[in-house]
Amino acid sequence: MSSDYEYSDDDVDNVFDDDELMADGDSDGDDGMEMDDFKVVPKATRKAYELEYDSLSQPAVEKLMEKDVEYIRGILGVDDNTASLLLRHMGWNKERLIEKYMDNANKTLVAAGVIRPEPEAVKPSKRPITRRATKQRSPSPPKSSGSFTCSICFDDAPGLTPLSLECGHAACSGCWEAYITSKIRDEAEHVCRCMAEGCGLVAPDSFIRGAIDEDGFIRFQELLVRHFVGCNKNLKFCPYPSCTNTVSCPSGASKSSLTTVVPIVSCGARGLASDGAPLSQSQELVKRATGKEHKFCFGCVIDSDHRPVVCAVATLWLKKCRDDSETANWIKSNTKECPKCVSTIEKNGGCNHMTCKKCKHEFCWVCMGPWSEHGTAWYSCNRYDEEAGVNARDAQSKSRASLERYLHYYNRWANHEQSAKLAQDLFAKTEKKMEEMQITSTLTWIEVQFMKKAAEELDKCRVTLKWTYAMAYYLAKGNQKELFEDNQRDLERAVEDLSELLESPIEPENIPALRQKVTDKTVYVQKRNDIVLEDTAEGFVEGRWAWNVSVDGFEAPAAEPDTAL
Amino acid sequence: MASISSRRLQKELTEIHMEGCPVGITLVKADDFETWWFTIEVMGESVYRSEVYTLQFRFEPNYPISAPAVTFVVTDGRKAPLHPHVYSNGHICASILGNEWSPVLSVVSVCITLQSMLASCKKKEPPVDNDRYVRTAPDNPKKTRFVYHDDTV
Ligand SMILES: [Zn+2]
Ligand SMILES: [Zn+2]
Ligand SMILES: [Zn+2]
Ligand SMILES: [Zn+2]
């Protein structure tokens, strides 16, 4: 493994600052292994396609925020509320905040909504005022002597409590609650300014805590964490619905690293969050064991694994699929001519093995090459640029040929995507088979786990395969591409074999043999998957991959007509 | 819980009945606390001189916490004014109806703001992106995230 991927634990801590260490107790004990002054060895055996990252729970991120607040409080001599508002205003950039504050404290406090601008010009030499911004009770409600009418809802019931920020713009507690709750829930906004028009004061945390209910405050805290994470390029919030974990991944954070690394990370949680209802301990255990990992890309917006292909190419491919979906559907649903007798052929059914009714010529629907070169399995057609296919296509129009080429990759990509979507079915079917096996054989629950392992492995490999088609579509012709497609074909074959095996009916007397076979094939498929991922990742580090289109951060493509659409 | 909007709108309505609307603004219909109609007219020298437009306000139960949905009525022969911030479907691109809405603003203050928005207009022309917007606009303008053309309205 090249050392480009390695960094010491110190570097991880540097995410935040040179002078701070990460709050302890949040790094799940994985750094209890430092040895004196030696560079820390990366965890176990990290593969070329894996990179180091940390999963942080929401409380762990909150601890990091508290540290920053504490730091600013100490340096600027302000209270927690003020330090928090200042930091949020400056996007958690402590250095810039200190600089600005030293330059003009008043201006900074006004801009952050901590204080109101003073009506008259302030002498520049004036020392900053840092009084508490939270005053729960406004001194004088609009009307004198006890009776208060809320200026928002016009309620004037006797026991009504007027609330205001430092500015004194009072409203009843009900209106404040409705206002702040609507900001937080409907607008996902953590900056709640005073309701008075033109008043820029921002409600500090202690005011918000007092004004809204517990649920609302929890949501508010999550918004604060999201904002903090959004301000720090080394952090990313887990995109899975209702997950509140964060991943820290400095090595995937710079744009330049994205030509050599595919920063796929996992937030540490599994499965979908339960909708509010707390899980029992056993339910929690089941979820942890069976739920899907929250995998996402740290480098781009794709919220799933897109290895082995780098972000820029994966994004390019997804955009192309979106843009071309109409053309692709048109072409797919249309007829083609038999490459031999040029009579019109219509495709009916999913199989790509076509036979011309007139001349009995057999050919592949996708690449138009003779079927005889495909063997008996469709997956031999992972490679598009076969001589025969090229010749057959030359007869067709050029633009059509490039669409065909796109479709070749697209169909395979979509096929694996579809299969991955059906993974839940596969898991359910597998579970059933496992139960069946326990009944019809002497195998225990533990001993039938091999089926589940196989299904999981298949799922993973299909994700890899899917993206290899996006990669191959953009790879420039040449030896490297051929080697890539060789690896792809081997994985494709291994996956189909294992998948067939999993679907085969179970005969009680064959279970021990089946178990052996499945286990062997699972190991094999795992190995093939590793080879594809490992070799591609190494290729990126070595700069081995060249593209047929221009890709951000890579060398411009050599002129290669016909391939790019 | 009785909605905030009913008490507040009752109060605004009472004030309108007692004090009347500012010049050029007339209450047409306020039968409930969901939809109100006003007509507005620019007084004095203006490119909209002696033209009367109808404004519709729609309120959610948590008005005035949430801004009212305000549009020019474009049915039954009524038209939206030709103005760089008013789309031909009646939608209005004004920041006080969006991110600069404040719960202390009122129906009348919105009318006045829109009236002065028209009054300050020197040349009648539609928004540059009118056709594109109108083709895809949601029914409720509050669902649109306007990029405000300028900060003055
Ligand atoms: Zn109130
Ligand atoms: Zn205020
Ligand atoms: Zn997650
Ligand atoms: Zn990515």
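The values are calculated or read from the model by the stated rules, or taken from the named source; none is laboratory data. Only a predicted model underlies this, so the values are computations on that prediction, with no experimental measurement involved. Because the Cβ atoms are built from the backbone with ideal geometry, glycine has one as well, and the counts that use them run over all protein chains shown. For accessibility, only protein heavy atoms count, side chains too; no ligands or nucleic acids. Shrake-Rupley method; radii C 1.70, N 1.55, O 1.52, S 1.80 Å.
Quick notes on this one:
- Label-point separation in nm, A:D80 to A:K357, each point 7 Å along Cα→Cβ: 7.9
- Taking Cβ atoms as reference points and 14 Å as the exclusive limit, the residues near A:W317 contribute a net charge of +3, counting Lys and Arg as +1 and Asp and Glu as -1.
- Shielding by partners - mean other protein chain Cβ count within 10 Å, residues of A:148-155: 5
- In plain terms, the chain from A:V541 to A:Q418 could stretch by 41.2 nm, reckoned as 0.36 nm per residue minus the Cα-Cα distance.
- Unit charges at the beta carbon, dipole of chain B: most positive-side option, B:T71, B:S50, B:S3: B:T71
- Interface residues of the stretch B:54-96, defined as those losing at least 30 Å² of solvent-accessible heavy-atom surface relative to the isolated chain (probe radius 1.4 Å), are listed as B:I65.
- For the pair A:D497 and A:N479 in one chain, pulling the backbone fully straight at 0.36 nm per residue adds 3.8 nm over the alpha carbon distance.
- Sparse-neighbour loop sites [GluC sites (Glu not before Pro); the stretch B:40-98; at most 15 other C-beta within 10 Å; DSSP]: B:E45, B:E51
- Cα centroid of the stretch A:186-204 to Cα centroid of the stretch A:485-548, whole Å: 56
- Summed side-chain charge close to A:K183 - residues other than A:K183 whose Cβ falls under 10 Å, Lys, Arg +1, Asp, Glu -1: -1
- Pairs over the 32 Å Cα-Cα cut-off, from the set A:K320/A:K432; A:K233/A:K460; A:K340/A:K477; A:K100/B:K122: A:K320/A:K432; A:K100/B:K122.
- From the alpha carbon centroid of the stretch A:242-273 to that of the stretch B:105-139 is 44 Å.
- Volume per residue for chain B equals 116 cubic angstrom (convex hull of Cα atoms).
- Cβ-based net charge around A:C172, under 10 Å, with every Lys or Arg adding one and every Asp or Glu removing one: -3
- The stretch B:11-52: trypsin sites (Lys or Arg not before Pro) in DSSP loop, at most 14 other beta carbons within 10 Å: B:R49
- Computed from the C-beta positions of B:L13 and A:E431, the FRET efficiency with R₀ = 60 Å rounds to 0.40.
- Under a model in which nothing but the beta-carbon of Lys, Arg (+1) and Asp, Glu (-1) is charged, chain B shows a dipole of about 260 debye around its Cα centre.
- Length-normalised contact order for the stretch B:30-141 - Cα pairs under 8 Å, 6+ apart - percent: 26
- Area hidden from solvent between B and A (accessible, protein heavy atoms only, 1.4 Å, total, Å²): 1100
- Area of A:W92 that stays accessible when all protein chains are in place (1.4 Å probe, Å², to 10): 30
- Heavy-atom accessible area per residue - chain B, 1.4 Å, Å²: 52
- Percent RCO, i.e. relative contact order, over the stretch B:15-75, from Cα pairs under 8 Å lying at least 6 residues apart: 23
- Computed FRET value (nearest 0.05) for A:S173 with A:K107, which takes r as the C-beta separation and R₀ as 41 Å: 0.80
- Legend: residues in the stretch A:172-216 shielded by at least 20 square angstrom of accessible surface upon adding the remaining protein chains to the isolated chain (1.4 Å probe, heavy atoms) are A:A178, A:Y179, A:S182, A:M195, A:E197.
- Low-density loop positions, trypsin sites (Lys or Arg not before Pro), the stretch A:440-481 - DSSP coil, at most 15 other Cβ in 10 Å: A:K477
- Estimated from the Cβ-Cβ distance and a Förster radius of 22 angstrom, the FRET efficiency linking A:T444 and A:S242 is about 0.05.
- Accessible area of the stretch B:1-129 belonging to carbon and sulfur atoms, whole % at 1.4 Å probe: 53
- The accessible-area loss of the stretch B:7-38 on complex formation, taken against its chain alone with a 1.4 Å probe, reaches 20 Å² or more at B:R7, B:R8, B:K11.
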